[in-house]
Amino acid sequence: MRKEKIIQGEYYHVLNRGNNRQCIFKDERDWIRLLFSILYFQSSVNLRNISRQVNYFSQNKIFNVPENTIKEIIENRYVELVAFTLMPNHFHLIVYELSEGGISNYMKKVLGGYTKYFNAKNEASGHLFQGPFRVVHIKDDPQILYLSAYIHRNIREVKNWKGKEHIFSYSSFRDYLGENRWEELLKTDIIKNQFLSVEKYKLFVENSGAKDVQNS
């Protein structure tokens with residue numbers, strides 16, 4: 001049972017890992033599929049031909065969802081995505097609950113949809129993730145800044161990625177430092193507005209000890 005009560009109008013750190021800490025990705029298409037889910041499942045809008053979007057991202061490093069569909073998602077979303085990173089056996093998100101039950105609905109779509117896809121692709125069955133998603137209430141600005149640094153530094157734990165966090169495709173860090181690939185689907189203002197410049201935020205993340213004192 002999840003003890004943390006999710007309250008509308010609050011920010012949360014949401015995370016989950018593979019069952020028995022197993023890897024949740026078999027190949028690059030899996031990474032792209034979960035990335036798509038995290039970005040585009042923020043509302044009840046049903047999306048078709050996701051495999052076509054995966055193919056497009058494989059070639060262009062961006063999705064090709066029609067503008068009218070994105071507009072519909074934004075107008076009807078029940079959460080706002082603030083930050084994210086995918087790791088080989090887990091993921092981290094910062095999410096704002098717009099409507100009651102929003103985060104639960106969002107994670108049900110993300111986790112359920114990805115598990116169904118993964119099991120079908122690999123002729124498997126059963127749980128892919130380690131129980132219900134975990135959620136931690138973010139109470140103030142220092143906490144959300146700390147978590148954003150922690151999340152954006154996370155990939156440095158993977159061999160050959162230390163010092164390259166800013167170019168990792170499956171993290172929002174690159175969207176904070178350069179052009180936001182996802183525009184309104186990724187709401188960066190709550191964090192970026194607390195810094196005088198992008199460079200100031202980059203230095204904050206790089207100099208943070210968040211990932212040095214906490215493991216996940």
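Numbers at a glance
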read-out	value
Residue check for Phe173: crowded, with 17+ Cβ neighbours inside 10 Å, at pLDDT 95 or above and either out of contact with any Gly (no Cβ under 7 Å at 6 or more places or on another chain) or of a type outside the set (Asp, Glu) (or both)	yes
Among (1) within 30 Å of Pro66 (Cβ to Cβ); (2) surrounded by fewer than 13 Cβ atoms within 10 Å (Cβ to Cβ); (3) of a type in the set (Lys, Arg), the one test that Lys159 misses	(1)
Selected residue [within 14 Å of Met87 (Cβ to Cβ), buried (at least 17 other Cβ atoms within 10 Å of the Cβ) and among the β-branched types (Val, Ile, Thr)] from Ile138, Ile151	Ile151
Some residue of the stretch 190-204 being of a type in the set (S, T, N, Q), closer than 24 Å to Ile24 by Cα and more than 16 Å from the chain's Cα centre (by Cα)	no
Filter pass, Phe63 being surrounded by 19 or more Cβ atoms within 10 Å (Cβ to Cβ), at pLDDT 95 or above, over 18 Å from Thr188 (Cα atoms) and out of contact with any Asp or Glu (no Cβ under 8 Å at 6 or more places or on another chain)	yes
Residue list for the stretch 11-40, restricted to those being surrounded by 15 or more Cβ atoms within 10 Å (Cβ to Cβ), of a type outside the set (Phe, Trp, Tyr) and either in a strand (DSSP E or B) or free of Cβ contacts under 8 Å to residues at least 40 places away in the same chain (or both)	His13, Val14, Leu15, Asn16, Arg17, Gly18, Arg29, Ile32
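Listed here are the residues, each with its yes/no results for (1) under 28 Å from Leu147 (Cβ atoms); (2) buried (at least 17 other Cβ atoms within 10 Å of the Cβ).
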position	(1), (2)
Asn55	no, no
Glu75	yes, no
Val79	yes, yes
Leu86	yes, yes
Val95	yes, yes
Met107	yes, yes
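The values are calculated or read from the model by the stated rules, or taken from the named source; none is laboratory data. All of these numbers come straight from a predicted model, not from anything done at the bench. FYI the Cβ positions are ideal-geometry reconstructions off the backbone, even for glycines, and counts take in every protein chain you see.
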